[in-house]
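The values are calculated or read from the model by the stated rules, or taken from the named source; none is laboratory data. Being a predicted model, the structure only gives us computed values, none of them experimental. With ideal geometry, Cβ positions are generated from the backbone for all residues, glycine too; neighbour counts draw on all protein chains shown.
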Amino acid sequence: MSRKIHIVCVSGTREKLQMAAMIASVAAASGDEVSVFFSMNAMQYFVKGSSAEPPAEGEFGALLQTKGVPPFRQLFQMAAELGSATLLPCSMALDLLKITQDDLDPALGPPTGLTRFLSDAEGAQILTF
């Protein structure tokens, strides 16, 4: 039986983005229904052409870049391609940042409001990073 896992990414730190991506990719590859909602400080890392790297919270964040761990962007992409995870940008965050869906990584789906995301998440496990 597959689970419904909905992930909210609002943090702009490397460790939290990495953990959210690892959970999304493993769950999606395992056949779970996965939806990831990106908002606030996480949005900036999904703009096309952005090479910005999130700051590490601590020593472990620095290790992630030096030990051959697949980066969070790649893991989210894999979750969408291989496991059919849905990656959703927050419509409010896009408005505040003055960016459009065309400005975003093509792996991201249509802009979605929080009300819709929560409605779709009814009965699902919700994780926040």
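Of everything in the range 98-126, what is touching a strand residue (DSSP E or B) at 6+ places or on another chain (Cβ under 6 Å) and farther than 20 Å from Gln74 by Cα? Give them in sequence order.
Pro111, Thr112, Phe117, Ala121, Ala124, Gln125, Ile126
Could you tell me whether the range 82-93 includes any residue that is among the small types (Gly, Ala, Ser) and in contact with a Pro (Cβ under 8 Å, 6 or more places away or on another chain)? Give the steps one after another, and end with the answer.
From the range 82-93, those among the small types (Gly, Ala, Ser) are 83-85, 91, 93; that's our starting set.
Those still in the list that are in contact with a Pro (Cβ under 8 Å, 6 or more places away or on another chain) too: 91.
Yes; the residues of the range 82-93 include at least one that is among the small types (Gly, Ala, Ser) and in contact with a Pro (Cβ under 8 Å, 6 or more places away or on another chain).
Being in contact with a His (Cβ under 9 Å, 6 or more places away or on another chain) and in contact (Cβ under 8 Å) with a residue 24 or more places away in the chain: is that true of Leu127 here? Talk me through it step by step, then tell me what you get.
Details: in contact with a His (Cβ under 9 Å, 6 or more places away or on another chain): yes; in contact (Cβ under 8 Å) with a residue 24 or more places away in the chain: yes.
For Leu127, the condition - in contact with a His (Cβ under 9 Å, 6 or more places away or on another chain) and in contact (Cβ under 8 Å) with a residue 24 or more places away in the chain - is met.
Counting only residues that are free of Cβ contacts under 8 Å to residues at least 12 places away in the same chain and in a loop (DSSP other than H, G, I, E, B), which one in the range 88-105 is farthest from the chain's Cα centre (by Cα)?
Top of the filtered list is Lys98.
Which of (1) modelled with pLDDT of 95 or more; (2) surrounded by 18 or more Cβ atoms within 10 Å (Cβ to Cβ) does Asp95 not meet, given it meets every other one?
(2) is the only condition that Asp95 fails.
Which condition breaks for Phe38 when tested against (1) farther than 16 Å from Ala121 by Cα; (2) out of contact with any Ser or Thr (no Cβ under 9 Å at 6 or more places or on another chain); (3) of a type in the set (Phe, Trp, Tyr)?
(1)
Output the number of the condition that Gln44 fails; it satisfies all remaining conditions of (1) touching a Phe, Trp or Tyr at 6+ places or on another chain (Cβ under 8 Å); (2) under 22 Å from Arg116 (Cα atoms); (3) among the polar types (S, T, N, Q); (4) part of a helix (DSSP H, G or I).
Failing condition for Gln44: (1).
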